[in-house]
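Structure first, then comments.
The values are calculated or read from the model by the stated rules, or taken from the named source; none is laboratory data. Just so you know, these numbers come straight off a predicted model, no measurement behind them. Cβ placement follows ideal geometry from the backbone for every residue including glycine, while neighbour counts extend to all protein chains displayed.
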Amino acid sequence: MSLLQVNEVTHSYGTRALFNWKGHSQKVLSNISFSLGEGTCLGMLGTSGAGKSTLGKVILGLERPQLGQVLFQGHDIYTADKQTRQNIRRDLQVVFQDSYSAVNPRMSARRIIAEPLENYEKLTITEMKRIVIELLERVGLSEGDLNKYPHQFSGGQLQRINIARAIALKPKLIVLDESVSSLDMVNQTLILELLRELKEDFGLSYFFITHDIKAAYTISDKLGVLEKGKLVELYDSKNQFFTSEHPVVKEMRDSILAEHPRFRSVRTRA
């Protein structure tokens, strides 16, 4: 049994043109199906507007699709009973793109990381502090950061706190929604390396939403490509992405810049 199974998911948003009171729906996901096994990272690539973040919301239980199923550990996350949904919420966590918007600015790092533990575990104050310190240190911060507030951290440091919160309950799956795209290249590299280490140490699975091919290749075991709400390609090996002849994939590959400017081709207009 797969950890995550997405079956023929279709989703639309209602829209209304100016003076058009009848309105119409805009399909953002169309017949999406794939599975994700334990200990695996599936990178989902796509340009802006491809439907990646909407798919992430559907998987997280935040956006119920019009059609299809999302099964997590064999349970439909939208029709499961209350206890099962609570268990799913424990085992399914998320790290968003904007590290500052993802936290309460009035809460210290200690409280941010402790929040899921308070919801699911019965710990003494001493036990809670010990675990939070361990989590801070595991993501590359220290006990001295316990009582700092979000505005006292850099974007990369605060994203580490969000990651610490996400792994606090030792979940099965973490949805990473453009979680490194707002960081500079140095912090992107460091965070991706941290995520890779955590995946190995805790046996985590990731659903990695990104438009960045290099980031996806760095951390992913499998790759998918979304285009206009459709899953146009799904590769069991990330290396297959670089041999695919699909026109959308070829266009994405052509958009990758070489590491050094001297190796970058210059396109001229006719």
**Q.** Residue, surrounded by the most Cβ atoms within 10 Å (Cβ to Cβ), within region 184-208, restricted to residues that are of a type in the set (A, V, I, L, M, F, W, C) and more than 15 Å from the chain's Cα centre (by Cα)
**A.** Leu190
Q. Is it the case that some residue within region 184-201 is assigned to a helix (DSSP H, G or I) and either of a type in the set (Gly, Ala, Ser) or more than 26 Å from Gln157 (Cβ to Cβ) (or both)?
A. no
Q: Test each condition in (1) among the hydrophobic types (A, V, I, L, M, F, W, C); (2) modelled with pLDDT of 95 or more; (3) closer than 20 Å to Leu183 by Cα for Leu92 and report the one that comes out false.
A: (3)
**Q.** Hey, Ser53 small (Gly, Ala, Ser) and more than 18 Å from Asp177 (Cβ to Cβ) or not
**A.** no
Q) With (1) without any contact (Cβ under 8 Å) to a residue 40 or more places away in the chain; (2) buried (at least 18 other Cβ atoms within 10 Å of the Cβ); (3) part of a helix (DSSP H, G or I) as the list, and Ile161 as the residue in question, which single condition is left unmet? A) (1)
Q: Could you look through region 55-70, keep only residues that are within 16 Å of Asn31 (Cβ to Cβ) and hydrophobic (A, V, I, L, M, F, W, C), and pick out the one that is surrounded by the most Cβ atoms within 10 Å (Cβ to Cβ)?
A: Leu55
Q: Kindly indicate which of Val180, Val132 is part of a loop (DSSP other than H, G, I, E, B) and either modelled with pLDDT under 95 or more than 30 Å from Ser2 (Cβ to Cβ) (or both).
A: Val180
Q) (1) at positive phi; (2) touching a Ser or Thr at 6+ places or on another chain (Cβ under 8 Å); (3) surrounded by fewer than 17 Cβ atoms within 10 Å (Cβ to Cβ): which one isn't true of Gly229, the others all being true? A) (3)
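Looking at region 233-252, can you tell me whether even one residue there is part of a helix (DSSP H, G or I) and of a type in the set (S, T, N, Q)?
Of the residues in region 233-252, the ones part of a helix (DSSP H, G or I) are 238-242, 247-252.
Retained after the next criterion (residues that are of a type in the set (S, T, N, Q)): 239-240.
Yes: one or more hits.
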Q: Please state which one of Lys148, Lys129, Lys82 is of a type in the set (Lys, Arg), surrounded by fewer than 20 Cβ atoms within 10 Å (Cβ to Cβ) and touching a helix residue (DSSP H, G or I) at 6+ places or on another chain (Cβ under 7 Å).
A: Lys148
Q.
Among the numbered criteria (1) under 14 Å from Asp98 (Cβ atoms); (2) in contact (Cβ under 8 Å) with a residue 60 or more places away in the chain; (3) assigned to a helix (DSSP H, G or I), which one does Ala166 miss?
A. (1)
Q: Could you grab the pairs with beta carbons closer than 8 Å, sequence gap of 6+ or different chains, first residue in region 138-150 and in contact (Cβ under 8 Å) with a residue 12 or more places away in the chain, second one charged (D, E, K, R) and assigned to a loop (DSSP other than H, G, I, E, B)?
A: Tyr149/Arg106
